[in-house]
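Before any comments, here is the structure.
Coordinate-derived values only; no laboratory data. As the structure is a computational prediction, the values presented were derived from the model and not from experiment. All Cβ positions, even for glycine, are placed from backbone atoms using ideal geometry, and neighbour counts span all protein chains on display.
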Ligand code: UD1
Ligand code: F6R
């Protein structure tokens, strides 16, 4: 089943041009978006007071990546909930809320308990899942199957990118009644169409990421700084590194750097800074300058052709990635980090598909 690949995680990373194609298949129609599972509910969703995203781990990170464009395209405020934390706090969920549950397996205990809680509180409950017939799919009022194909590696990779794309289509569908954002929606739809070929392009960085991994094998820790559309990329990249390569890693908001993490910076600690082109680019340039002035050991991810703009004196390592519509850039940017986590794991001699202490589907609380 692994074909020419050594591991399922590797196969699933390289499968993404295809899995993203199947996520979108039949759903981008006549310049618009058609999600069969949501169309009867769009009116209700448009009238809701807020969207609450609920998930765990990678699925939470996918929702975090979707938050900026859901807010932008729908104008509805979005709040984020880690399922266990919502339950611990018994946080407020109202009838006027749309609660969106994101889960690859559709069987994660914390997510399902949060679903029961939101149902009791009368919210409209929407599922985003990869598993037809799962408890999440059956118990939600409506939803979207991401159709990424079965994911076997414990570390979620192709489901993450397909979840983001499914939520992009959801945001486009909810916002489709707004004339003022028509041009923006068209640009995002054309970005979605070009996404599989961009993903094929970024997968060509495989050898480069293997080489980067070999320079990091003995590091104790790895920081990843992102912001805006790519805050989620930083969290998800760090989660991949810690769960499979068994290396301490933290994703952080670059805007918070000066409020504490800067104290960690020295010439030994490797730091990945995500600085692809979007409205936050110049802020990331100044973050890079501040890290370099503390002799930080930087790897900067930037858009093609931007190496000298992010690193004028060549004092950091640069990963150049292809550009897509800014809000879809997280789909591209996570891929070099998935490859990095994969190679780091193999080089460090750990089990890629069955990381220590982890299970694919966390069905207990
Ligand atoms: C559906 C069919 C698909 C077919 C297409 C043709 C299924 C599973 N899907 O896809 O095979 O090619 O029509 O038009 O038969 N749902 C939830 N919660 C979730 C996910 C989904 O309630 O978490 C519900 C949806 O609201 C919908 C149904 O499940 O009623 C199927 O969802 P989805 O597969 O996303 O719908 P289509 O893309 O229309
Ligand atoms: C990370 C990972 C976990 C899951 C989490 C939620 O690679 O796989 O963090 O994302 O356990 O699982 P689902 O999406 O099945 O609810």
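Of everything in region 148-178 that is more than 19 Å from residue 233 (Cβ to Cβ) and in contact with a strand residue (DSSP E or B) (Cβ under 7 Å, 6 or more places away or on another chain), the residue that is farthest from ligand 2 (Cβ to nearest atom) is 176. Filtering region 244-267 to residues that are touching a residue at least 40 places away in the same chain (Cβ under 8 Å) and surrounded by fewer than 20 Cβ atoms within 10 Å (Cβ to Cβ) leaves 246, 264. So how many residues does region 179-199 have that are in contact with a strand residue (DSSP E or B) (Cβ under 9 Å, 6 or more places away or on another chain) and farther than 15 Å from residue 330 by Cα? Here the count works out to 3.
Taking region 61-86, which residues are assigned to a loop (DSSP other than H, G, I, E, B) and surrounded by fewer than 16 Cβ atoms within 10 Å (Cβ to Cβ)? Listed by number, the residues that qualify are 75, 77. In a residue-by-residue description of region 138-146, the property of being more than 16 Å from ligand 2 (Cβ to nearest atom), touching a residue at least 24 places away in the same chain (Cβ under 8 Å) and in contact with a helix residue (DSSP H, G or I) (Cβ under 9 Å, 6 or more places away or on another chain) applies to at least one position. Take the conditions within 22 Å of residue 69 (Cα to Cα) and in a helix (DSSP H, G or I) and apply them to residue 283. Does it pass? The answer is yes for residue 283. Picking from residues in region 25-38 that are out of contact with any strand residue (DSSP E or B) (no Cβ under 9 Å at 6 or more places or on another chain) and in contact (Cβ under 8 Å) with a residue 24 or more places away in the chain, the one that is farthest from ligand 2 (Cβ to nearest atom) is 31.
Sub-8 Å Cβ pairs linking a first residue in region 151-173 that is over 18 Å from residue 12 (Cα atoms) to a second residue that is part of a helix (DSSP H, G or I) and within 12 Å of ligand 1 (Cβ to nearest atom), at least 6 apart or interchain, are 169/24; 173/39; 173/42, ordered by first then second residue.
Filtering region 123-137 down to residues that are more than 26 Å from residue 330 (Cα to Cα) and surrounded by 21 or more Cβ atoms within 10 Å (Cβ to Cβ), which residue is nearest to ligand 2 (Cβ to nearest atom)? If we take residues in region 123-137 being more than 26 Å from residue 330 (Cα to Cα) and surrounded by 21 or more Cβ atoms within 10 Å (Cβ to Cβ), then 134 is nearest to ligand 2 (Cβ to nearest atom).
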